[in-house]
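Engineer: Okay, handing you the structure first.
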């Protein structure tokens with residue numbers, strides 16, 4: 001993996017005490033980052049894609065790697081690839097420049113400490129993201145019953161290839177420029193000796209990106225170029241236009257309604273109990289790559305062919321791939337909702353802290369947040385289900401936009417998340433050589449999913465518990481300096497005996513966590529709609545976990561699920577099956593040898609660290625593909641067994 005990243009920072013600061021109760025702080029910052037991504041570290045000057053007969057892939061020598069092959073049901077085989085076999089085929093370079101000016105005033109008067117100010121951030125982002133230059137192919141076994149056999153026949157279910165640019169645009173690397181403005185006011189108000197309030201208001205607005213950008217208009221079937229009357233038609237090429245630009249210089253509508261009030265409270269009851277609470281609205285300005293990249297690294301600046309075959313009749317053949325760039329009807333695979341809102345998050349919390357004795361603290365509380373209008377992708381051109389699955393009509397007859405691919409997606413504000421948790425924590429500060437923390441969290445997280453889903457016409461089944469939902473989380477940690485040795489509770493004045501029995505420490509962390517949820521999926525395209533993310537059917541049997549040690553490695557009851565009929569979607573929601581949790585104990589045993597010659601704190605520490613000390617079997621991966629009956633429900637991996645690590649540290 002080649003990643004020659006470079007980052008440079010330059011910051012100027014000025015603090016001016018205007019008067020005894022007025023302080024001015026000014027900051028000016030500059031950041032330059034160069035992020036290079038060549039996913040295959042063994043890039044060569046040989047065009048292997050062309051040697052195996054693939055045509056029209058981008059022909060830049062710096063992009064040459066190996067085609068990427070995905071075989072459903074087979075584990076990835078390439079050490080440098082996140083999925084698939086052989087190569088990866090992606091080249092990404094990002095060259096960013098940021099300027100920031102910040103001004104803050106602080107005013108102290110009586111019981112109030114007020115702060116006000118703002119900042120301006122100038123963002124210049126340069127992308128060179130011509131992906132898939134060497135071809136990415138997925139074989140699902142739809143035609144022969146085995147994905148490797150489909151590979152030998154040369155019949156992929158999908159193929160993606162980066163074909164270069166159309167017209168004289170000088171490649172895909174160009175800057176986009178945007179500016180973010182922020183202003184705030186806050187007041188820390190000590191109302192009484194026991195009550196303190198924190199009141200604030202923040203305003204944020206992002207002046208949207210301008211640069212060499214383009215966005216697809218599904219209604220007209222044209223890729224519109226920002227600030228230009230020219231446009232691109234997939235399958236036809238670049239068209240010279242006349243008159244006014246079809247897309248503004250800044251295509252995305254600016255959302256100027258981002259006001260974020262915040263409130264905080266701290267109330268002390270007596271000398272040992274404190275109540276704290278807070279709430280606020282926070283904004284996600286959606287300025288990142290998920291919005292910007294589809295408008296920069298796109299046709300005609302860079303054409304990517306995304307081709308999908310029917311799962312019944314082979315429509316793609318390796319020997320005929322790929323078409324010329326200007327002939328690709330599926331050159332555009334994503335557009336951006338230009339009227340999208342900025343996402344926002346409600347956050348709120350309440351906690352009570354009580355001191356037990358001189359060194360022990362008990363805390364209990366509640367935290368929650370609700371995120372709305374977050375950025376995500378949705379299908380907008382998925383074919384409807386075939387009326388007659390045995391004699392399905394072509395995708396184009398069932399799509400809203402026949403000239404676009406079935407997997408065409410739109411970046412828009414559809415995602416939401418709701419998280420609520422109650423927690424308790426007991427903390428023993430260092431006393432008699434012992435300190436420890438024990439915490440327990442009970443929580444639930446619900447969201448809309450982070451993928452386009454299985455059916456764009458019915459997204460209700462996408463609402464489910466989050467992929468990262470962990471209802472129960474218990475963590476215990478401790479450090480104990482054993483009371484044996486010179487100057488300790490059990491004093492050992494003899495130097496030789498102290499060398500053996502003194503200076504020992506024990507430490508440990510125990511984690512007991514619920515298992516993450518799992519979705520029961522299908523491989524291939526059972527619904528015959530040309531898109532993934534399809535799930536299985538419920539049979540009426542209640543989902544349950546099984547002990548793999550006594551059930552032939554089965555991790556759950558497979559009778560709870562079934563394969564949907566051809567030409568239909570499964571009726572299961574996301575994350576219906578709970579996976580395996582964690583019961584892990586890590587323990588460290590340290591021995592300290594004092595070395596006074598190198599300083600008062602000088603010592604040599606020998607550490608023996610045991611990870612998963614009880615050698616619990618921590619089951620991990622489970623095959624969740626319901627239409628692979630031979631391995632469905634089988635546990636296929638575990639976390640690490642017991643590991644011993646020896647180390648030494650010299651303190652001076």
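The values are calculated or read from the model by the stated rules, or taken from the named source; none is laboratory data. Owing to the predicted nature of the structure, the values given are computational and were not obtained by experimental measurement. Here Cβ is always computed from backbone atoms with ideal geometry, including for glycine, and neighbour counts include all displayed protein chains.
Engineer: Of all the strands (runs of 3 or more DSSP E) wholly in segment 1-77, which have at least 3 residues that are surrounded by 15 or more Cβ atoms within 10 Å (Cβ to Cβ) and modelled with pLDDT of 70 or more?
Structural biologist: It comes to 22-38, 68-71.
Engineer: So, one more: Consider residue 319 against the criteria (1) in a helix (DSSP H, G or I); (2) surrounded by 17 or more Cβ atoms within 10 Å (Cβ to Cβ): it satisfies all of them except one. Which criterion is unmet?
Structural biologist: All conditions are met except number (2).
Engineer: Pick from segment 484-523 the residues that are at pLDDT 90 or above and in a loop (DSSP other than H, G, I, E, B): which of them is nearest to the chain's Cα centre (by Cα)? Outline the logic, then answer.
Structural biologist: Narrowing segment 484-523 to residues at pLDDT 90 or above: 504-523.
When the remaining residues are screened for being in a loop (DSSP other than H, G, I, E, B), the result is 514-516, 519-520, 522-523.
Details: 514: 21, 515: 19, 516: 16, 519: 18, 520: 21, 522: 23, 523: 23 Å.
That would be 516.
Engineer: Which pairs turn up if I take residues in segment 635-652 that are under 17 Å from residue 608 (Cβ atoms) and look for partners that are in a strand (DSSP E or B) with beta carbon separation below 6 Å, at least 6 apart in sequence or on another chain?
Structural biologist: Once the first residue is under 17 Å from residue 608 (Cβ atoms) and sits in segment 635-652, its partners that are in a strand (DSSP E or B) give 643/611; 644/610; 645/609; 646/608; 647/607; 648/606; 649/605; 650/604.
Engineer: For segment 210-227, which residues satisfy the criterion of being closer than 14 Å to residue 298 by Cβ and over 31 Å from the mean Cα position of the chain (by Cα)?
Structural biologist: Listed by number, the list holds a single entry, 222.
Engineer: I'm trying to understand the selection: among the residues of segment 593-616, which are modelled with pLDDT under 85 and on the phi > 0 side of the Ramachandran plot?
Structural biologist: Matches in segment 593-616: 599 only.
Engineer: Restricting attention to segment 471-483, report how many residues are part of a loop (DSSP other than H, G, I, E, B) and surrounded by 15 or more Cβ atoms within 10 Å (Cβ to Cβ).
Structural biologist: Counting residues in segment 471-483 that are part of a loop (DSSP other than H, G, I, E, B) and surrounded by 15 or more Cβ atoms within 10 Å (Cβ to Cβ) gives 2.
Engineer: Continuing with this model, one more query. Could you check segment 262-288 and list, in sequence order, the residues that are crowded, with 16+ Cβ neighbours inside 10 Å and either outside any strand (DSSP E or B) or without any contact (Cβ under 8 Å) to a residue 12 or more places away in the chain (or both)?
Structural biologist: Within segment 262-288, 285, 286, 287 qualify.
Engineer: Got a number for residues in segment 554-583 being more than 18 Å from residue 628 (Cβ to Cβ) and part of a helix (DSSP H, G or I)?
Structural biologist: Qualifying residue count, segment 554-583: 0.
Engineer: Quick check, is residue 409 under 27 Å from residue 576 (Cα atoms), buried (at least 18 other Cβ atoms within 10 Å of the Cβ) and at pLDDT 95 or above?
Structural biologist: For residue 409, the condition - under 27 Å from residue 576 (Cα atoms), buried (at least 18 other Cβ atoms within 10 Å of the Cβ) and at pLDDT 95 or above - is not met.
Engineer: Something else about it: Determine, yes or no, whether residue 248 is under 16 Å from residue 338 (Cα atoms), more than 27 Å from the chain's Cα centre (by Cα) and surrounded by fewer than 17 Cβ atoms within 10 Å (Cβ to Cβ). Break it down into steps so the answer makes sense when it comes.
Structural biologist: Details: under 16 Å from residue 338 (Cα atoms): yes; more than 27 Å from the chain's Cα centre (by Cα): yes; surrounded by fewer than 17 Cβ atoms within 10 Å (Cβ to Cβ): yes.
So residue 248 passes the test.
Engineer: Of all residues in segment 289-316, which are in contact (Cβ under 8 Å) with a residue 12 or more places away in the chain and part of a loop (DSSP other than H, G, I, E, B)?
Structural biologist: Hits for segment 289-316 are 297, 298, 299, 300, 301, 302, 309, 310, 311, 312, 314, 316.
Engineer: Look at segment 623-644 and say how many of its residues are surrounded by fewer than 11 Cβ atoms within 10 Å (Cβ to Cβ) and not in a loop (DSSP other than H, G, I, E, B).
Structural biologist: Adding up the residues that qualify gives 1.
Engineer: Here's another thing I want to ask about it. From 137, 105, grab the single residue that is crowded, with 18+ Cβ neighbours inside 10 Å, part of a strand (DSSP E or B), touching a strand residue (DSSP E or B) at 6+ places or on another chain (Cβ under 8 Å) and modelled with pLDDT of 85 or more.
Structural biologist: Going through 137, 105 in turn, just one is crowded, with 18+ Cβ neighbours inside 10 Å, part of a strand (DSSP E or B), touching a strand residue (DSSP E or B) at 6+ places or on another chain (Cβ under 8 Å) and modelled with pLDDT of 85 or more: 137.
Engineer: Please go through segment 401-456 and pick out each residue that is touching a residue at least 60 places away in the same chain (Cβ under 8 Å), in a loop (DSSP other than H, G, I, E, B) and farther than 23 Å from residue 385 by Cβ.
Structural biologist: Result: 450, single match.
Engineer: Would you mind finding the one in 551, 590 that is assigned to a loop (DSSP other than H, G, I, E, B) and either over 30 Å from residue 455 (Cβ atoms) or at pLDDT 95 or above (or both)?
Structural biologist: Working: 590 fails: assigned to a loop (DSSP other than H, G, I, E, B).
None of the others qualify; the one that does is 551.
Engineer: With the checklist (1) within 25 Å of the chain's Cα centre (by Cα); (2) in a strand (DSSP E or B); (3) surrounded by fewer than 16 Cβ atoms within 10 Å (Cβ to Cβ); (4) modelled with pLDDT under 95 in hand, flag the one item residue 468 doesn't pass.
Structural biologist: (2)
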